[in-house]
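Where a number appears in this text, it was derived from the coordinates with a stated rule and is not lab data. All of these numbers come straight from a predicted model, not from anything done at the bench. All Cβ positions, even for glycine, are placed from backbone atoms using ideal geometry, and neighbour counts span all protein chains on display.
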Amino acid sequence: MIPKDKYFSQDHSEVTYLYRPQGDLRYPYYVHKTNPALYLVAKIHTLFDNKILTKEYRYENGIQHLEGKGFMGFQKTYSSDAYESEIKNGKYINKNPVNAVFWNITTRYPEMDNMVMNTTYGGINKFFTENLTVNKKFDQGNHQYMILATDEISIDYLKKLPLEKNMFMMKQMILSLKLSIRISAEQALPYLITAISRSFQMENIISTGK
């Protein structure tokens with residue numbers, strides 16, 4: 001099953017790599033338009049209990065760093081739920097094509113060393129759940145840095161319920177390691193105050209429903 005998106009070819013059922021123009025990515029980041037030199041896993045077929053279970057994979061925007069970091073991976077990856085297949089005319093096909101196949105989609109942020117910024121489950125454009133992650137870069141000096149997730153928002157579109165997770169323990173670790181990552185307590189304190197404030201706000205929303 002090919003995700004129904006204008007950047008996926010509906011005529012070539014084995015298309016695995018997708019190029020989606022990115023106007024916001026500039027040098028030293030380069031997005032590969034094709035993947036002629038790479039072999040990518042498109043499908044995995046597993047024989048289980050006399051059934052063939054298939055998972056599909058898609059890849060979008062291979063990111064190359066032109067100033068030393070090399071190939072950084074893909075900006076977006078798709079992996080489908082397993083579905084039952086059968087072999088016809090020497091090819092694996094979906095045994096029940098009328099049944100929906102849902103996808104796990106992971107989106108990464110190239111300018112944050114391709115850290116995960118968004119994950120979804122459901123369709124290609126409409127999701128059941130979505131997780132948004134906020135990453136921050138902490139300077140360690142001497143041209144070194146550390147990137148850590150500081151906030152996460154989870155949205156259940158079926159229940160219409162947003163939940164925010166402040167990485168409070170992570171920020172406490174940042175504070176305790178302030179010498180090793182060379183940030184002062186004064187620099188770390190605003191993040192901790194924000195985490196505490198948001199945590200109380202979310203607890204109030206959940207308890208009152210407002």
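Which whole-number percent is the relative contact order of the range 15-116 (Cα, under 8 Å, 6+ apart)?
It comes to 23 percent, rounded to a whole number.
What is the list of residues in the range 66-81 whose amide nitrogen lies under 19 Å from a point 7 angstrom out from the Cα of I147, following Cα to Cβ?
Residues 66-78 qualify, since their backbone N sits under 19 Å from the label point.
Just flag the chymotrypsin sites (Phe, Trp or Tyr not before Pro) in the range 52-157 sitting in loop per DSSP whose Cβ has no more than 16 other Cβ atoms within 10 Å.
F102, Y157
Please list, by residue number, every one of the GluC sites (Glu not before Pro) in the range 43-114 that is coil in DSSP and has at most 16 other beta-carbon atoms within 10 Å.
Listed in order of number, the matching sites are E67.
Please list, ordered by chain and number, the residues whose modelled amide H lies under 5 Å from the amide H of F128; skip anything fewer than 5 residues away on the same chain.
Amide H to amide H, under 5 Å and 5 or more residues apart or across chains, F128 pairs with Y121, G122, G123.
By its C-alpha gyration tensor, with a ≥ b ≥ c as the square roots of the eigenvalues, how is the range 96-163 shaped: rounded for a/c under 1.5, else prolate for a/b larger than b/c, else oblate?
oblate
Highest mean first, what order results for 26-32, 47-53 on Cβ atoms within 10 Å?
Averaged packing, sorted descending, gives the order 26-32, 47-53.
With contacts defined as alpha carbon pairs under 8 Å and 6 or more residues apart, what's the relative contact order of the range 110-154 in percent?
32 percent
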